[in-house]
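The values are calculated or read from the model by the stated rules, or taken from the named source; none is laboratory data. Being a predicted model, the structure only gives us computed values, none of them experimental. With ideal geometry, Cβ positions are generated from the backbone for all residues, glycine too; neighbour counts draw on all protein chains shown. Areas reflect the complete protein model, heavy atoms only, side chains present, ligands, DNA and RNA absent. Shrake-Rupley method; radii C 1.70, N 1.55, O 1.52, S 1.80 Å.
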Amino acid sequence: MKHHIENLIASALAGLEANGVLPQDHGATIDVDHTKSKEHGDFASNVALVLAKVVRAKPRELAEKIRKALPASEKIAKVKIAGPGFINFFLTSDAQLDVIREVLAHRERFGRSRIGAGRKIQLEFVSANPTGPLHVGHGRGAAYGATLANLLDAVGFAVHREYYVNDAGRQMDILATSVWLRYLALSGEKFDFPVNGYRGDYVHDISAAVRRENGDKFRRPAAVLFENIPPDEPKNGDKEKHIDALIERAKSLLGPNDYRQVFDRGLRVILDDIRQDLEEFGVTYDQWFSERALVEDGAADRAIVRLKQSDHAYEKEGALWFRSTDYGDEKDRVLVRENGQKTYFAHDIAYHMDKLERGFDRVIDIWGADHHGYVPRIKAALAAIGDDPERLHVLLVQFAILYKGGERMQMSTRSGEFVTLRTLRSEVGNDAARFFYVLRKCEQHMDFDLDLAKSQSSDNPVYYVQYAHARIHSVYRQLKEKGLAHDPSNGDRNLTRLTEPHELALIERLARYPEMVEAAALAYEPHQLAYYLRELAYDFHTYYGAHTFLVDDAAVRDARLNLISAARQVIANGLALLGVSAPESM
């Protein structure tokens, strides 16, 4: 309906332009909003107030000219001017009821639109290093990213969901070396495990599998491995230098083929676990993009060439640097270290260059909030190689804090492992996790109450919404038990019998669903959908408590069943976008 009124106003403005009342280039944006009070109609626009400043006219007089120029519409009962120049639109009663017909006609398609016009969006989210299981922080990014992708798809964008697999670089080398060291320990070698190594039980499991399948194939003497290696932190050494030296020694002792075999085994096991975890959480991707493939393809070298050609890269002290201070950074950043290894930053530049080369109209990255300072750096690099940094939009997701029994939970174990997403899912279920994760703006800190998420009460938002859906199904079961049948055609003919305040409130809420989906998608704010569903559930539950649906009057009964059937459909549509189930019974 908002779009219909916007089109009416646009037609009126075009007529006034043709008559010389308005200039052709006035540039005014037509905004239409719901009124706060029914006394002022159903919708209002301030377009006359905006245009009055441009054409230097009195707002109320201009508003009246716009009103008179509006085309006739069978959906509009009357249009009135209010206050300093607001244009208020009053809908006909039939137009207000049309939403019920639209929902029941379009079913799963209701609320979807083509406002995105097929423009291509690449959405990269989670992209956790495959060095261990996903934790609860990754879970929030997964739920947020998947829901945002669903919303953008619902309003007509062509969405490409992507996971960037960090399968090259130092962290993966630390994982591979950790797996090998655990393997050596299982083979009987004695040594102190490095402080900076990965210590989780999953590393031990991978190493045990390597040992079972390969025997002593990768065994090397610990004395040779640790000979002349810089001391670790417990021995007053540098833990970074210690682990880096062990990585180089591992590569040297194993050789490229054996090292790659150990490396790939760790990568494959953990990546398969991440993929399974996400799929069980209802999160899937169109592409798993390999950092290693990007490097082997020469993309990082091409990006560096472009930086050199634009005079934004220079050599100093044996390393290659990006002149990021030209773009307001506090210091220049290393692209290639003295040992010839490219930094993670260099690979990231190449990856984003590749994204833009693939022809996406917009690229959206969803990162953890700790990457805040990294955003301008990446945008600066894109500008330096001649790409448009405005095509990149980065959304930052804050960590989720778990609470149980009113107490903040310990988020990590003694070995430094965070509480896993799988553990959370087994505790509260996928539905509660998906819903709770998007209850706040992504940049806001989130307190995740495990007890609330498991409770069967109106205080639990996901239970409250799902219960509304199940309750409507229970009405239809009661209908069958009474030997009655729903006649939708009779209900449609008698929609005007829906005059109770609870009915009108529910109808108005249903009518807001399409514009809410658009608003949530365009603002990248899935929480708008979660809040809407909670409000819709409230409207239904209060209606359920105040009125009997299965009355003797068939006209009223069928009209009410049409209404709650429409409510059931909208709840199901919204929950589907959130990745949450819509149960028929609870």
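Summary of values
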item: Every pair of residues 6+ apart whose Cβ atoms lie under 6 Å, when the first sits in the range 521-534 and is more than 20 Å from residue 467 (Cα to Cα) while the second is assigned to a loop (DSSP other than H, G, I, E, B); result: 521/155; 526/438
item: Hits in the range 12-26 - residues which are part of a helix (DSSP H, G or I) and open to solvent by 60 Å² or more (accessible area, probe 1.4 Å); result: 18
item: Residue ID - farthest from residue 10 (Cα to Cα), chosen from residues in the range 49-80 that are among the hydrophobic types (A, V, I, L, M, F, W, C) and part of a strand (DSSP E or B); result: 77
item: Hey, residue 39 open to solvent by 20 Å² or more (accessible area, probe 1.4 Å), under 18 Å from residue 90 (Cα atoms), assigned to a helix (DSSP H, G or I) and touching a strand residue (DSSP E or B) at 6+ places or on another chain (Cβ under 8 Å) or not; result: no
item: Close pairs (7 angstrom Cβ cut-off, 6 or more residues apart or separate chains): farther than 15 Å from residue 39 by Cα in the range 72-101, surrounded by fewer than 20 Cβ atoms within 10 Å (Cβ to Cβ) and basic (Lys, Arg) anywhere; result: 84/60; 85/60; 95/75
item: Residue match in the range 85-108 (condition: in a strand (DSSP E or B), in contact with a helix residue (DSSP H, G or I) (Cβ under 9 Å, 6 or more places away or on another chain), among the basic types (Lys, Arg) and within 28 Å of residue 501 (Cα to Cα)); result: no
item: Residues of the range 28-67 satisfying the condition of being closer than 26 Å to residue 509 by Cα and among the β-branched types (Val, Ile, Thr); result: 29, 30, 32, 35, 47
item: Extreme residue, least open to solvent (accessible area, probe 1.4 Å), among residues of the range 329-344 that are within 31 Å of the chain's Cα centre (by Cα) and modelled with pLDDT of 95 or more; result: 335
item: Positions within the range 202-230 being in a helix (DSSP H, G or I) and open to solvent by 50 Å² or more (accessible area, probe 1.4 Å), in sequence order; result: 204, 205, 211, 212, 213, 223, 224
item: Odd one out for residue 161 among (1) open to solvent by 10 Å² or more (accessible area, probe 1.4 Å); (2) outside any loop (DSSP other than H, G, I, E, B); (3) closer than 20 Å to residue 269 by Cα; result: (3)
item: Residue tally, condition touching a Leu at 6+ places or on another chain (Cβ under 8 Å) and surrounded by 14 or more Cβ atoms within 10 Å (Cβ to Cβ), over the range 493-504; result: 4
item: Of all residues making up the range 128-156, the number that are in a loop (DSSP other than H, G, I, E, B) and in contact (Cβ under 8 Å) with a residue 60 or more places away in the chain; result: 7
item: Matching residues in the range 305-328 - criterion: being open to solvent by less than 40 Å² (accessible area, probe 1.4 Å) and charged (D, E, K, R); result: none
item: Residue in the range 109-121 that is buried (at least 17 other Cβ atoms within 10 Å of the Cβ), touching a strand residue (DSSP E or B) at 6+ places or on another chain (Cβ under 7 Å) and in contact (Cβ under 8 Å) with a residue 24 or more places away in the chain present; result: yes
item: Top-ranked residue of the range 345-365 - restricted to ones that are open to solvent by 10 Å² or more (accessible area, probe 1.4 Å) and touching a residue at least 60 places away in the same chain (Cβ under 8 Å), ranked as nearest to the chain's Cα centre (by Cα); result: 362
item: Residues satisfying the stated conditions in the range 37-61, i.e. in contact with a helix residue (DSSP H, G or I) (Cβ under 7 Å, 6 or more places away or on another chain) and either among the hydroxyl-bearing types (Ser, Thr, Tyr) or in contact (Cβ under 8 Å) with a residue 40 or more places away in the chain (or both); result: 43, 45, 47
item: Residue in the range 124-132 that is crowded, with 18+ Cβ neighbours inside 10 Å, over 33 Å from the mean Cα position of the chain (by Cα), farther than 25 Å from residue 509 by Cβ and not hydrophobic (A, V, I, L, M, F, W, C) present; result: no
item: Search result, residues across the range 505-554 that are aliphatic (A, V, I, L, M) and either closer than 16 Å to residue 441 by Cβ or open to solvent by 50 Å² or more (accessible area, probe 1.4 Å) (or both); result: 516, 519, 520, 521, 522, 523, 529, 530, 546
item: Per-region count, the range 1-26, residues at negative phi and over 38 Å from the mean Cα position of the chain (by Cα); result: 11
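Yes/no matrix, rows are residues, columns are (1) open to solvent by 20 Å² or more (accessible area, probe 1.4 Å); (2) free of Cβ contacts under 8 Å to residues at least 24 places away in the same chain; (3) under 30 Å from residue 435 (Cα atoms):
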site: 232; (1), (2), (3): no, no, no
site: 239; (1), (2), (3): yes, no, no
site: 246; (1), (2), (3): no, no, no
site: 254; (1), (2), (3): no, no, no
site: 257; (1), (2), (3): yes, yes, no
site: 269; (1), (2), (3): yes, no, yes
site: 272; (1), (2), (3): yes, yes, yes
site: 279; (1), (2), (3): yes, yes, yes
site: 293; (1), (2), (3): yes, yes, no
